[in-house]
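*Asks:* Below are the structure tokens for one structure; questions will follow.
The values are calculated or read from the model by the stated rules, or taken from the named source; none is laboratory data. As the structure is a prediction and not an experimental result, all values here were calculated from the model. Ideal geometry is used to build each Cβ from the backbone, glycine not excepted, and the neighbour counts take in all protein chains shown. Side chains included, ligands, DNA and RNA excluded: accessible areas come from the protein's heavy atoms. Shrake-Rupley method; radii C 1.70, N 1.55, O 1.52, S 1.80 Å.
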Amino acid sequence: MDLYERIPNNVNLAGDKRLQRALEKWLPNYLDWWREMGPEGFQEKDVYLRTAVSVEPSGWAHFDYIKMPDYRWGIFLKPAERDAKVGFGDNAGQPAYQEVPGEFRNALRRIIVTQGDTEPASVEQQRELGKTCPSLYDLRNLFQVNVEEGRHLWAMVYLLHRYFGRDGRDEAEELLQRRSGNPDKPRILEAFNQPCDDWLNFFCFTMFTDRDGKYQLAALAESGFEPLARTCQFMLTEEAHHLFVGETGVGRVVKRTAQLMKEDKDGDARNLDGIPLDIIQKYINFWFSYSLDLFGGEISSNSADFFAAGLKGRYKEQDQYTDHVAAHENFQLTVVEDGRLTTRDVPLRNALNEVLRGEYVRDCERAMERWNKFIAEEGVDAQLYLPSTRFQRHVGEFAGHTFDVGGNLITAEEFERRCDEWLPTFADREHVRSLMHPVTEPGKIANWIAPPKAGIKGKPFDFEYVRL
Ligand SMILES: [Fe+2]
Ligand SMILES: [Fe+2]
């Protein structure tokens, strides 16, 4: 097998023997990891998957049946622009960095490792889900997400190997050593250590947690370190499908629940083996708050340093802003002081985590409106909501304080007393779990979720997306 077959790429891997050797050494370790921690029970099945074969906007995706271990994980960067410049920060307007600037080496390595760590982590979190898929369509989407997260790991590992020498190689090894939820060698970020063992969790994860990924990647896609920017720009094209799976997945559960509420004489979806809205709401509260933590503290000197250095920009930095230096503005934050909520002005650059989080929250609100429309369309009088961004936070200004879902400061005792109203209880999770029976006949779907509007790549819903 030639090199391009083994490691498809548009980075002229064949022209860099040292890098080629390093990645060829990493490849079997990666495959061992995939076989050990990838989707359990389906490695030998044919799955109708899309594979990235180039970066051309018109034809980068190739659809065909493939066994997951034979998926061609590749390294694709969006083609370089001529005369790329650093787009923001203290060095705005200077030529983009083609190598890692020495003074930012540690910061950049940390950014790349943290992003890279989330990719295999999510595959590990989701590895059991195939056994309880609600339909072949959903099973295929799960596997599509999984193989692409694997490719995203490749993308980050390429950067580590190519630009960080020995430390980079060590980091690339460690990315295969950590394990989601393992107390001794956990994944770096907490949302990626939470179990994702039922399909409502999976849809919430791809809706809320993958969406954090979108905003992180978008901020890095602006980076003045050009190889990172180009890598993230291409990853975003794949990520869009993951978000689609999450948003439509939760939406289909919501829709089905509303239908069952209408059908049941007491208006209770639980009686007809559905997932009641209050449980869906609690799952939303759980995943939304954990995902908010991923943006980091509200006040952050790291965010200021990364921006000043031109490493991590704002969302759509070039399209949305005219002042790319952002050195003199302030940003008003809500904080807790002396046991009550108040506001504080901080330099904008120190508040960029919060600025990015704000973009994310608006995006989630948009999805929430769509889901509420599904409920209204069934004639059911109920609404889902996003909890306050202060609710249940473990990172930043609000960590260590307790809030209700409306964002009001409450005592720890009151939170303790009421948290079963807001977060999934053991019984809630058991109810969801009790509904998770595999449905694998083409065209059939589990009772607790509505079918999708359309299939994949123009295929009908009853297409045999996975050959079992
Ligand atoms: Fe990813
Ligand atoms: Fe993703």
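*Asks:* State in Å² the accessible area per residue of the range 368-468; use a 1.4 Å probe, count heavy atoms of protein chains only, and round to the nearest integer.
*Replies:* Dividing the accessible area of the range 368-468 by its residue count gives 56 Å².
*Asks:* Before I look further, what does the range 263-352 give for accessible area per residue, probe 1.4 Å, in whole square angstrom?
*Replies:* 45 Å²
*Asks:* Charges only on Cβ, +1 for Lys and Arg, -1 for Asp and Glu: so what's the dipole of the chain about the Cα centre, in debye to the nearest 20?
*Replies:* That gives the chain a dipole magnitude of about 1100 debye.
*Asks:* Tell me, what is a quarter of the convex hull surface for the C-alpha atoms of the range 206-340, in nm² with one decimal?
*Replies:* Orientation-averaged projected area of the Cα hull: 11.8 nm².
*Asks:* In addition: Please sort 250-261, 276-287, 414-425 by packing, taking for each peptide the average over its residues of neighbouring beta carbons within 10 angstrom, highest first.
*Replies:* Those peptides, ordered most packed to least, come out 250-261, 276-287, 414-425.
*Asks:* Quick check on packing: order 345-358, 36-49, 224-237 by the mean number of other C-beta atoms within 10 Å, highest mean leading.
*Replies:* Per-residue mean Cβ counts within 10 Å order the peptides as 224-237, 345-358, 36-49.
*Asks:* Of all the accessible heavy-atom surface of the range 267-407, with the other protein chains kept in place and a 1.4 Å probe, what percent is carbon and sulfur?
*Replies:* Carbon with sulfur: 44 percent of the solvent-accessible area.
*Asks:* Which lysines, if any, have their Cα less than 18 Å from the Cα of K265, not counting same-chain residues under 8 positions apart?
*Replies:* K255
*Asks:* Over 23 Å between C-alpha atoms is what I'm after, so list which of K214/K316; K185/K312; K85/K316 land there.
*Replies:* Checking Cα-Cα distances, K185/K312 exceed 23 Å.
*Asks:* Now, a different point. Ignoring ligands, DNA and RNA, what percent of the accessible area of the range 51-196 is carbon or sulfur (1.4 Å)?
*Replies:* 46 percent
*Asks:* Here's a follow-up. Across all directions of projection, what mean area in square nanometres is found for the Cα convex hull of the range 305-460?
*Replies:* 14.8 nm²
*Asks:* Express the accessible area of the range 102-161 per residue in Å², computed with a 1.4 Å probe while the remaining protein chains stay in the model.
*Replies:* 19 Å²
*Asks:* Return the whole-Å distance between the Cα centroid of the range 235-261 and the Cα centroid of the range 125-170.
*Replies:* 20 Å
*Asks:* Where does each of D198, D83 land when they are ordered by accessible area, with a 1.4 Å probe and the largest first?
*Replies:* I get D83, D198, largest accessible area first.
*Asks:* Using +1 at the Cβ of each Lys and Arg and -1 at the Cβ of each Asp and Glu in the range 296-436, identify which of L423, G400, V346 lies farthest towards the dipole's positive end.
*Replies:* About the Cα centre, the residue reaching furthest to the positive side is V346.
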